[in-house]
Amino acid sequence: MAAAAGGGRSAGGGAQAAVAEQIAQAVQSTSNLLQLMEESSPAQTHLAKLPKKLLAKASLAKNTGQVLHQLPTVISSLDAYMDASLQSATQIKTVTQLLSNMENNQLRSILPASRLEKAEKNSETGKVRVE
């Protein structure tokens, strides 16, 4: 009986080995088939990779969406800043003209007419010289 039990184990071991061999062959056959499919249809491989590529770019698309959402506010702020800058430039020009007029009036009250003409000519050329 011990021999029969031992024989049963060895017969069971042989059956397990045969099943393992069949499984290995099935796995190898499936692998070969997949490889052939990939080789015969490269587009299929690219399509299989597409979802991974899209997932990798999802955060980039989300960030781009946020930037585009904020863009109108940024443009409005920039436009307002430019308007204020242009108004400041006009005001600076006006202030410069007023200061120049004040300077000329002060020179007229201090200097005789002949010296004033020389001073005005010099100030027009960029040279301020009072004799």
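The values are calculated or read from the model by the stated rules, or taken from the named source; none is laboratory data. Since the structure is predicted, the reported quantities are computational estimates derived from the model, not experimental observations. Note: ideal-geometry Cβ built from the backbone for every residue, glycine included; neighbour counts use all protein chains shown. Quick note on the areas: whole protein, heavy atoms, side chains included, nothing else; ligands and nucleic acids left out. Shrake-Rupley method; radii C 1.70, N 1.55, O 1.52, S 1.80 Å.
Of all residues in the range 1-48, those being touching a Ser or Thr at 6+ places or on another chain (Cβ under 8 Å) and at pLDDT 75 or above number 0. Out of the residues in the range 64-81 meeting the condition of being open to solvent by 80 Å² or more (accessible area, probe 1.4 Å) and of a type in the set (S, T, N, Q), tell me which one is farthest from the chain's Cα centre (by Cα). Restricting to residues being open to solvent by 80 Å² or more (accessible area, probe 1.4 Å) and of a type in the set (S, T, N, Q), the top hit is Thr73.
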